[in-house]
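The values are calculated or read from the model by the stated rules, or taken from the named source; none is laboratory data. From a predicted model like this one, the values you see are computed outputs, not experimental measurements. All Cβ positions, glycine included, derive from the backbone under ideal geometry; neighbour counts span all protein chains shown. Accessible surface is based on the protein model in full, side chains and every heavy atom, while ligands, DNA and RNA are left aside. Shrake-Rupley method; radii C 1.70, N 1.55, O 1.52, S 1.80 Å.
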Amino acid sequence: MRLFTALAIVLGVLMAAFAALAQGAGPLRIEITEGVIEPLPLALPDFIAENAAAEQYAQSISQVIGSDLTGTGLFREIPQKSFISTPTSFSNAVQFADWKAINAQGLVKGAVSLDADGRLVVKFRLFDVFAQAELGQGQKFTGAPASWRRMAHKVADAVYSRITGEGGYFDSRVVFVAETGQKGQRRKRLAIMDYDGANLQFLTDDSTIVLAPRISADGKRILYTSYESGFPKVYVLDIAAARKQALAIEAEALSFAPRFGPDGETVVLSLQQGANTDLYRTTVSGGTLQRLTSAPSIETAPSFSPDGRRIVFVSDRSGTPQLYIMDANGGEARRISFGKGRYGSPVWSPRGDLIAFAKQANGRFHIGVMRTDGSEERLLTASFLDEGPTWSPNGRVIMFTRESKGAQGVRALYSVDITGRNLRRVPTETGASDAAWSPLLP
Amino acid sequence: MKLHSKAILIVAALALSACANGGRFGAANGGGADGAAGAASDPRSPAYFQQTIGDRVHFAVDQHTLTPEAIAILDKQADWLLKNPEFTAIVEGHADEQGTAAYNLALSGRRANAVIEYLVSRGVSPARLRPLPLGKERPIALCSREECYAQNRRAVTVIQAGGLS
């Protein structure tokens, strides 16, 4: 990714002047917390190909940017056929009246070229049509042509960020379990794809059961559970080297439900010994095993807080599975779930403020969020079976597994806003489960 | 895209042929339901154990306690294991689909362990028994109703010739 340098450039004195004007915070602003009902109309004319070699990328890049932004539910793309004029040059002055007339509030103008070294150069400018000013400065991304989708995602992240004031989440990947075959005989493979389903890559074959992959903060390693020894055991996979290795835990131990600490080295997981399942911490490189819980009940599904100081997990010490939080080195645990029902698969949000979880109540499953003290529980979804939430890098969206009912039941990935709006299916070619969303790529 | 779906078909075909040859333990073959070795008429065969003794016991929702029916079957399993010391067994634990994956995996492990503890209490050496928690990965009945869930909440004693690797 070092090929892939992002840098902001000032595009001349004229534009700097526009940027200064824009600092007066015009109307082009979405406060996500207020819950957007009416999507903001955005004009996204096809990026201008500045040389012939770039023509094949220009339209595709525009389409990916449009799909990223409208996919949030916060933006609406104005159809190109209603445009009064289309930009023909990246640096020409914008005809704001033409965009105002079609009720565009924002305009993204961009250009694509191939430089002398064969690298793809993508640049864009964002305009606030009502304020008749540029929002932020022009920005340019350079990379290998094969990375064109990533560059499009980076443009979309920048546009999203400037308008919402939040970090973006489009230039990210999702590791998950790809599933084929019938319900009783599911064949499973670890797979990784872009957050929108593109660039699918399989990481294992389907010769054995694999479960619950988790990606490290640097996006380079995956922890998962595999039955390749005949028994469940936690492995770590180096994505680039395609090399996997069992964690150094005694051979007889049954281990599962691993998760990385924020340092990408610490691991918390469940070990089953006899009737008892407890939480332990260790390291990827074979550190000592430290026991965190020792109740006779089941303790599993741990997830670190983003500062690495606390762990949320599931325990049935009260008689039913509920959520608890304890110090990352063990000790007293405090129950945080008190609603009617059974709770599972808690995940701490990357912003630290919320816990996402699955909840089973009255024969239905829900994905929900609560504050870390258990207050303000909100259920975002309801279906026959929803579980396994994972957070977008900016903590605004949750991806999860939804399974349909009956003998033909299949699993698929869905995403939903933490407002409960914008439920969408994530496109995958096969069945899919157990997604883990990476942080934004470097 | 066309090429890709062809590749998936080939993988699927390979997977099927692997199944026909018998998967490793219960993990790949769906709960030890098919293909125990030997003739069912031979009381010393794993096939006899599976079909005549009864290789599985069932559990109530969320429970791992053994019912009287389960204990009656496990008494017979223990007798058979004591009479046939050359065999070992993997005890698979399973859960129904009504629960989250990691919790159900732990619950299925508890069920496998309940069977092992009982067999050991009847004199079977613990060195001959090994638990294999499978969570909700390998349901034997596929519908989403209690009649299927009841069959899926099970522990299956899968007889192995030789040691436990």
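Note on region A:263-288: residues that are crowded, with 18+ Cβ neighbours inside 10 Å and either within 10 Å of another protein chain (Cβ to nearest Cβ) or of a type outside the set (S, T, N, Q) (or both) total 14.
The condition of being within 14 Å of chain B (Cβ to nearest Cβ) and among the acidic types (Asp, Glu) holds for only one of A:205, A:171, A:196, that being A:205. Listed by first and then second residue, the pairs linking a residue in region A:46-74 that is in a helix (DSSP H, G or I) to a residue that is among the basic types (Lys, Arg) and at pLDDT below 95, with Cβ atoms under 8 Å apart and 6 or more places separating them unless they lie on different chains, form an empty list. Condition first: within 15 Å of residue A:303 (Cα to Cα) and open to solvent by less than 20 Å² (accessible area, probe 1.4 Å). Now tell me which residues in region A:229-259 satisfy that. Of everything in region A:229-259, those that are within 15 Å of residue A:303 (Cα to Cα) and open to solvent by less than 20 Å² (accessible area, probe 1.4 Å) turn out to be A:256, A:257, A:258.
For region B:58-78, taking the residues that are in a helix (DSSP H, G or I) and without any contact (Cβ under 8 Å) to a residue 12 or more places away in the chain, the one that is nearest to residue A:302 (Cα to Cα) is identified as B:68.
Restricting A:396, A:371 to residues that are away from chain B (no Cβ under 11 Å) and open to solvent by 40 Å² or more (accessible area, probe 1.4 Å) narrows the list to A:371.
Summed over region A:346-360, residues that are open to solvent by 20 Å² or more (accessible area, probe 1.4 Å) and either at pLDDT below 95 or more than 18 Å from residue A:309 (Cβ to Cβ) (or both) total 1. The set of residues from region B:82-102 being open to solvent by 10 Å² or more (accessible area, probe 1.4 Å), in contact with a Gly (Cβ under 9 Å, 6 or more places away or on another chain) and not aliphatic (A, V, I, L, M) comprises B:86, B:87, B:88, B:97, B:98, B:100. Residues that are open to solvent by 10 Å² or more (accessible area, probe 1.4 Å) and either outside any helix (DSSP H, G or I) or polar (S, T, N, Q) (or both) within region A:91-108 comprise A:91, A:92, A:93, A:94, A:95, A:101, A:102, A:103, A:105, listed in sequence order.
Among the residues of region B:127-146, not a single one is more than 9 Å from chain A (Cβ to nearest Cβ), in a loop (DSSP other than H, G, I, E, B), among the hydrophobic types (A, V, I, L, M, F, W, C) and open to solvent by less than 20 Å² (accessible area, probe 1.4 Å).
Within region B:153-163, the set of residues being surrounded by fewer than 16 Cβ atoms within 10 Å (Cβ to Cβ) and either outside any loop (DSSP other than H, G, I, E, B) or within 11 Å of chain A (Cβ to nearest Cβ) (or both) comprises just one member, B:161.
Screening A:118, A:181 for residues that are at positive phi and more than 14 Å from chain B (Cβ to nearest Cβ) leaves exactly one candidate, A:118. If the condition is being out of contact with any Leu (no Cβ under 9 Å at 6 or more places or on another chain) and assigned to a loop (DSSP other than H, G, I, E, B), then region A:348-375 contributes A:349, A:350, A:351, A:352, A:353, A:362, A:363, A:373, A:375.
May I ask you to verify whether residue B:86 is away from chain A (no Cβ under 12 Å) and of a type in the set (Asp, Glu)? Considered against the rule, which asks whether it is away from chain A (no Cβ under 12 Å) and of a type in the set (Asp, Glu), residue B:86 comes out as yes.
Residue B:150 meets all of the listed conditions (1) within 12 Å of another protein chain (Cβ to nearest Cβ); (2) under 18 Å from residue A:405 (Cβ atoms) but one, namely (1).
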